[in-house]
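The values are calculated or read from the model by the stated rules, or taken from the named source; none is laboratory data. Computed from a predicted model, the values in this text were never measured in an experiment. For neighbour counting, all protein chains shown are included, and Cβ atoms are generated from backbone atoms with ideal geometry for every residue, glycine included.
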Amino acid sequence: MKDFAGKIAVITGGGTGMGRELARQLVAEGCNVAMCDISASAMAETKRLCEVEKLPQGLRITTHIADVSVEDQLLRFRDEIAEQQATDKIHLLFNNAGIGGGGSLFTNSREQWERTFGICWGGVYLGVRTFLPMLMRADEGHIVNTSSVNGFWASVGMLRSHTAYSAAKFAVKGFTEALIGDLRLNAPHIKCSVVMPGHIGTSIMSNSRKIQSGTDSERLTDDEIALARVRLGMAGITEAAKMSDEQVQAYAAEQARTFREEAPTSAAEAATIILDGVKAERWRILVGTDARRLDERVRGTPEQAYDLEFYQSFVAEVGWRLG
């Protein structure tokens, strides 16, 4: 698929981050876009940004509310696309929606773990199941599944649990790689790619917390403050137990700000890399210099990948500030 003009793209998690930037860049190339998210206001902002420039005649941007972990909602999303985009086919499917949380089997609840896994892995699986018939009807198609560097390296640093997210992203990577052969045998006009971003400047930290806690508030709940103190203590921050609630709130807010604003790769840059990879028909798309370097290191010395020295030297090399 050398260009996207006149095509129809479906994007999950289109309200913020990479999903928003994928929508903006696709529309700029003359592609029709249907996006879903759980936030109507976030999607409205994405649509507004897409429409800053005058759209080509007949180009359609539609927004839809859907939780990708719930099959009935994805099926409704599909039916709304067929009606509002006036089509029985799509050309591009970006299974992009994701959240963090459920890092530990010991300090997080089962509900948090399964919520993360249900969106990050279940949303990809259900997305492909739901939209495969529409992709089959197109003359060419491409499935883009967002994994992560945590799909080949199950860590975000020493003394920090990262179980649910990593397990889900490993599943996405394996599923997409297996899908290459399945498509080649049964639908050779459809390609697929697994995207593995490094640290990208998005609001995933704050958005994930809101979804896990079921609140739109930027402030941590009492339970979240207590858990944050435990995690900080486990990470070697000895003064954590003496921090006031407001100090914990400020620490969490600064972490989210740093993750979003001081990332080595912006969401817009990530979207460009992904779309260039689709045009080049690359099945494996590493996003960011940190992702490429980490991939080389894990492949080169897999037995050392979870040693303290491995992490410290990698962080020093790429400049991560994740703790």
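What residue, of Leu286, Leu294, Leu322, is outside any helix (DSSP H, G or I) and modelled with pLDDT of 95 or more?
Details: Leu294 fails: outside any helix (DSSP H, G or I); Leu322 fails: modelled with pLDDT of 95 or more.
After applying the criteria, what remains is Leu286.
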All conditions in (1) modelled with pLDDT of 95 or more; (2) among the β-branched types (Val, Ile, Thr); (3) buried (at least 18 other Cβ atoms within 10 Å of the Cβ) are true of Ile65 except (3)
Please work out if Gly101 is in contact (Cβ under 8 Å) with a residue 24 or more places away in the chain, in a loop (DSSP other than H, G, I, E, B), assigned by TED's automatic domain parsing to the domain that holds Asn150 and under 19 Å from the mean Cα position of the chain (by Cα). yes
Mind listing whichever residues of the range 298-317 are part of a helix (DSSP H, G or I), buried (at least 17 other Cβ atoms within 10 Å of the Cβ) and not hydroxyl-bearing (Ser, Thr, Tyr)? Val298, Phe310, Phe314
Consider Ala28 carefully, then state whether it is in the same structural domain as Gly14 (by TED's automatic domain parsing) and in contact with a Lys or Arg (Cβ under 8 Å, 6 or more places away or on another chain). no
Among the numbered criteria (1) within 27 Å of Val156 (Cα to Cα); (2) in contact with a Phe, Trp or Tyr (Cβ under 8 Å, 6 or more places away or on another chain), which one does Val68 miss? (2)
Single residue of the range 49-59 satisfying the filter (out of contact with any Lys or Arg (no Cβ under 6 Å at 6 or more places or on another chain) and over 25 Å from Asp79 (Cβ atoms)) that is surrounded by the most Cβ atoms within 10 Å (Cβ to Cβ): Pro56
Only unsatisfied item for Ala82, checking (1) small (Gly, Ala, Ser); (2) in a helix (DSSP H, G or I); (3) surrounded by 24 or more Cβ atoms within 10 Å (Cβ to Cβ), is (3)
Taking the range 17-41 and keeping only residues that are surrounded by fewer than 21 Cβ atoms within 10 Å (Cβ to Cβ) and either of a type in the set (A, V, I, L, M, F, W, C) or part of a loop (DSSP other than H, G, I, E, B) (or both), one is left with Ala28, Glu29, Gly30, Ile38, Ser39, Ala40
Inspect the range 32-49 for any residue being at negative phi and either touching a Leu at 6+ places or on another chain (Cβ under 7 Å) or not assigned by TED's automatic domain parsing to the domain that holds Trp121 (or both) and give the result as yes or no. yes
